[in-house]
Amino acid sequence: MSVASHASKFAAPRTDAAGRIPLIGLNLQEITDLLGADGMPAFRAKQVWHWIYQRGVKEFSLMANVPKDVRAQLAEKYSIERPKVVTEQKSEDGTIKWLLAMADGQQIETVFIPETERGTLCISSQVGCTLTCRFCHTGTQPLVRNLGAHEILQQIMHARDALDEWPKVGGPNDSGRDLTNIVLMGMGEPLYNYQNVAKAMKICMDGDGLAIGKRRITLSTSGVVPQIRQCGEELNVNLAISLHATNDEQRSSIMPINNKYPLADLLDACRNYPGVSNIRRITFEYVMLKDVNDTDADAYRLIKLLAGIPSKINLIPFNSWPGSGFECSAPERIETFAQILADAGCTAPIRKPRGRDILAACGQLKSASQRARKTAETSQS
Ligand code: SAH
Ligand code: SF4
């Protein structure tokens, strides 16, 4: 399916249930044009933009320097709401997972992972995923639809609400925030929803928008080669590649997208990704699957494959789910694999799974909520 037809078939709704247009997700020019058509001057759009992205207000009634009648006029036609929080779960390691309901009731998961030096928000780009990577639980759930730019941004804005990280009126403008980094590693393939992801990330990176710079944003892809190039040119955020295998046969057997964009093309796109250097490396994610991709020979092939690409390899212990048919490699096997890479001079840390107790780890998203919903439906019937 072409990217264009894919986008239209799975498009996000443009208005909420009450027919209001979300202003979140529109750039300043678009807001200016929209409000201009309602007879409002350009400075009004600037004020509204400021309240939305720099102050994080959720209601027009709080826009203090906008006249009251104008606030009411805005509230009738537009919305600046957040998604509804269906559940909030906190892991014993501090990870927080939110199940969020969009205006049309579709649900996605967003995860906040606090670390000593930074705090990372893992956001979703689609409801479900069309790609059926065999080790990934999200991949067993068919794509419902793309998220709109507003729904991608709303996840970040919701996290700022929940962590109480909007600057206070009269307070300092940037009070040491816990949420410092964004990773597009939640549900979905961000490069199959490129237009909306790009629009959202531009507002996220805008110094007058959410002001989270490109060096603090990482986009993870299973390897949609044409959009990797576009992403490099237009956004130039950090890139993470879900590699997970060391030859085409092996990769195609666990990641069908490899039939379309084989390793040589994928690695070529990585080599040509703008701005890649030893201080700005590409992350290669490698999920450790017992007896599938974890032999010494795999480790040596991996070293050869990535030679010449400034890279960091993240070894991810497989997070299992019922019926996956895969097992995680034994800890000693992962250690040996990591050691072979380290001996060859590769940076290859073993990723510590976060939020496993609340099913917030890689590849587990959404599954829990679907299960919960199924259980609820069964118990009602
Ligand atoms: N669709 C994008 C981003 C979301 S997946 C992508 O595939 O890159 C985020 C990461 O989790 C990817 O590297 C993915 O391959 C990995 N992953 C998926 N299922 C997993 C599992 N069960 N255990 C560990 N990692 C998994
Ligand atoms: Fe989709 Fe990424 Fe899961 Fe593959 S690993 S099914 S691309 S979410």
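Bear in mind that the values in this text are calculations on the coordinates, not laboratory data. Since the model is a prediction, treat every value here as computed from it, not as a measurement. In this analysis, Cβ positions are derived from the backbone assuming ideal geometry, glycine residues included, and neighbour counts consider all displayed protein chains.
Which value in deg cm²/dmol, rounded to the nearest 500, describes the helix-derived mean residue ellipticity at 222 nm for the chain, given -39,500 (n - 2.57) per DSSP H run of n ≥ 4 and division by the residue count?
One gets -10000 deg cm²/dmol as the mean residue ellipticity at 222 nm.
Antiparallel as a % of all DSSP beta bridges within the chain, to the nearest 5?
So the antiparallel bridges in the chain amount to around 45 percent.
How far, in nm, would the chain grow between ARG281 and ARG134 when pulled straight, counting 0.36 nm per residue and subtracting the alpha carbon separation?
Roughly 50.2 nm would be gained on extension.
Straight-line reach only, C-alpha to C-alpha below 15 angstrom: list the aspartates and glutamates that LYS312 could link to, leaving out same-chain residues fewer than 8 apart.
Of all the aspartates and glutamates, those that pass the test against LYS312 - Cα under 15 Å, at least 8 places apart if same chain - are GLU285, ASP343.
Between LEU62 and ALA211, what length in nm is gained on full extension when 0.36 nm per residue of separation is reduced by their alpha carbon distance?
Computed gain between LEU62 and ALA211 is 51.5 nm.
Run the reach check for LYS290 against lysines, Cα to Cα strictly under 19 Å, same-chain hits fewer than 8 apart removed. What comes back?
Hits, sequence-local ones excluded: LYS352.
How big is the dipole moment of the chain about its Cα centre under a simple scheme where the beta carbon of each Lys and Arg is +1, that of each Asp and Glu is -1, and everything else is neutral? Debye, nearest 20, please.
Around 480 debye, computed over the chain.
Suppose the chain between LYS90 and LEU163 were pulled fully straight at 0.36 nm per residue; how much longer would it get relative to their current alpha carbon spacing?
25.0 nm
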